[in-house]
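The values are calculated or read from the model by the stated rules, or taken from the named source; none is laboratory data. In this text, all values refer to a predicted model and were calculated from it rather than measured experimentally. No Cβ is skipped: glycine too gets one built from the backbone with ideal geometry, and neighbour counts run over all protein chains shown.
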């Protein structure tokens, strides 16, 4: 570490070099007393050192909420979201999936989670104007094979789903080329995938969406009830890595979770089935969505009854910017479409 | 004067340094006899005390005051109202200034919502019962969604507008001229910290920031647990850093008459026969906050429990998020 770049007294710099302190992290990790002992500087000097180092680290980091609100630049704005490709679903989420943070999609099997994720992989490739991010997606499969036939069907029918986008634009996008499929069947493979392969794709700007289908499958076999501490630690580490990738590259991470009938943990919702992986995973999430095949008790009589049998519910379980709400949707040939 | 020249030459810059060195060290450093060193120190010490008596609230000086003065000061202390009367009641008026309040709860229960609300409510003008302050929001999780703050701020402005129209008093109407969505948003200072090093650095810089922006009455750290809960192998380091952080926050709360609000996660404690949810970061962290609120669910009703408070009794109230 080149201490000369900091605005410090030369005697402080000399003391730092002599004490073999190599990074800002070391300075902040040590207590005031330890620093004094190692560098033999006075406490006033130490205070000054801490402030200078902190200032250099955090120099231009303040924003007012007004600036955040008025920021319309699609590279930094909070208003920018990844659309789901359907106006009803988008209005439930007030625009779509937030770009920074881990979003979870939980639900019982065959409720439509994979369908929604596939749709997102296509939506991300559209221009910013149509709610996309002009980039590809990484799809990490942890248990089943990647549904490539279904993906092809969806690609063929994009013009029907996205009637809002002019046909020339849809034709120009080579959807299949920008979806990268990875397989990771166990924790080590998954770790490898996140740290090496995805980082590479993200750094090159080739993808702006990461889908993990499913995160629960990784943990189901390897951990018993007694290993919950190790499991929690793995979850926290993965969560942290995913979170830092998401922040660094402004890329949404969509994790698919499955149901668990484990009554060990608090249930966050009214019904008996709760998402797997418990609270240590839930603490890492920005937003949790749940899909189910069960209609809510307060069903609207008109619209839902038309499609009886194939109507699903998409519900917001928690999100910092959304109320607890839900909407209905069906899975059609061209994709997932909300019902008003 | 000769002595002074020698002191400067030896590199002493402040009186504090002199006092710390002590007479023996001093005599060795600048090559004077021990008696002269003692004399010099005595002179400096007298000067320092003279200064201390004049300055107020400087760090490193000790103030003596009676318990009565402290009581009067505390009673005159403002509260930041939350506009949820049940919550304000169990807190004894609202979130108290100069104290650290910790909000714990499972994900999705409303901790960030309350923080955003407080960042708006701290700005309510005094004629409406607020403290007319500004807010610092330190976000470690990335859950500060400005659109939601806009919703809360708009509702607050409307609420105050209704009160002003009902009472038709001049100072109310005058206050409403400056209390608008833009002014509220522009007085929330937002910092995003991505890991615990950035958080520590930010807290070191807070005192200077608060001195520059003296109207700040609320410091929120949303997610104090998040950066400390992943990748920390050395738990004793974590405890030490958290303790240091807590001490700094206590000093900040006191010196700048601000409320400090922290949000914490819950973790599972596996007991003999069952598991319970307890606040994260360990037992020793529990001592950091003066007031602890735990948000939890009971079926589909949200509840807030006042878990720890020096002045109020433990109670639970239901609340909604609108």
Any hit, the range A:100-109, residues being modelled with pLDDT under 90, surrounded by fewer than 24 Cβ atoms within 10 Å (Cβ to Cβ) and more than 14 Å from chain B (Cβ to nearest Cβ): yes
Checked against (1) in contact (Cβ under 8 Å) with a residue 40 or more places away in the chain; (2) more than 27 Å from residue A:101 (Cα to Cα), residue B:281 satisfies every condition except (2)
Would you check which residues across the range A:33-70 are closer than 19 Å to residue B:248 by Cβ, part of a helix (DSSP H, G or I) and within 8 Å of chain B (Cβ to nearest Cβ) and list them? A:43, A:44, A:50, A:51, A:53, A:54, A:55, A:57
Which ones in the range B:222-266 are surrounded by fewer than 20 Cβ atoms within 10 Å (Cβ to Cβ), within 11 Å of chain A (Cβ to nearest Cβ) and not in a helix (DSSP H, G or I)? B:231, B:232, B:233, B:234
Any idea how many residues of the range B:147-161 are buried (at least 23 other Cβ atoms within 10 Å of the Cβ) and within 8 Å of chain A (Cβ to nearest Cβ)? 1
Taking the condition of being more than 7 Å from every other protein chain (Cβ to nearest Cβ), out of contact with any strand residue (DSSP E or B) (no Cβ under 8 Å at 6 or more places or on another chain) and part of a loop (DSSP other than H, G, I, E, B), how many residues in the range B:183-207 meet it? 1
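Consider the range B:284-321. How many of its residues are in a loop (DSSP other than H, G, I, E, B) and either away from chain A (no Cβ under 14 Å) or free of Cβ contacts under 8 Å to residues at least 12 places away in the same chain (or both)?
Within the range B:284-321, the subset in a loop (DSSP other than H, G, I, E, B) is B:288-290, B:299-300, B:309-315, B:320-321.
With the extra rule that they be either away from chain A (no Cβ under 14 Å) or free of Cβ contacts under 8 Å to residues at least 12 places away in the same chain (or both), the set shrinks to B:288-290, B:299-300, B:309-315.
The qualifying residues number 12.
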Assigned to a loop (DSSP other than H, G, I, E, B) and surrounded by 21 or more Cβ atoms within 10 Å (Cβ to Cβ): is that true of residue A:85 in this structure? yes
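Can you go through A:110, A:91 and tell me which one is under 30 Å from residue A:213 (Cα atoms), in the same structural domain as residue A:312 (by the TED database) and not in a loop (DSSP other than H, G, I, E, B)?
Values: A:110 fails: not in a loop (DSSP other than H, G, I, E, B).
Exactly one of A:110, A:91 is under 30 Å from residue A:213 (Cα atoms), in the same structural domain as residue A:312 (by the TED database) and not in a loop (DSSP other than H, G, I, E, B), namely A:91.
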Sort through B:78, B:57, B:108 and tell me the only one that's at pLDDT below 80 and surrounded by 19 or more Cβ atoms within 10 Å (Cβ to Cβ). B:78
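One line per residue, one yes/no per condition, for (1) closer than 24 Å to residue B:153 by Cα; (2) without any contact (Cβ under 8 Å) to a residue 12 or more places away in the chain; (3) not assigned by the TED database to the domain that holds residue B:258:
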position	(1), (2), (3)
B:167	yes, yes, no
B:175	yes, no, no
B:221	yes, no, no
B:225	no, no, no
Looking at the range A:116-127, can you tell me whether even one residue there is within 25 Å of residue B:148 (Cα to Cα) and under 15 Å from the mean Cα position of the chain (by Cα)? yes
Any residue that is surrounded by fewer than 19 Cβ atoms within 10 Å (Cβ to Cβ), under 28 Å from residue A:25 (Cα atoms) and assigned by the TED database to the domain that holds residue B:199 - is there at least one of those in the range B:270-278? no
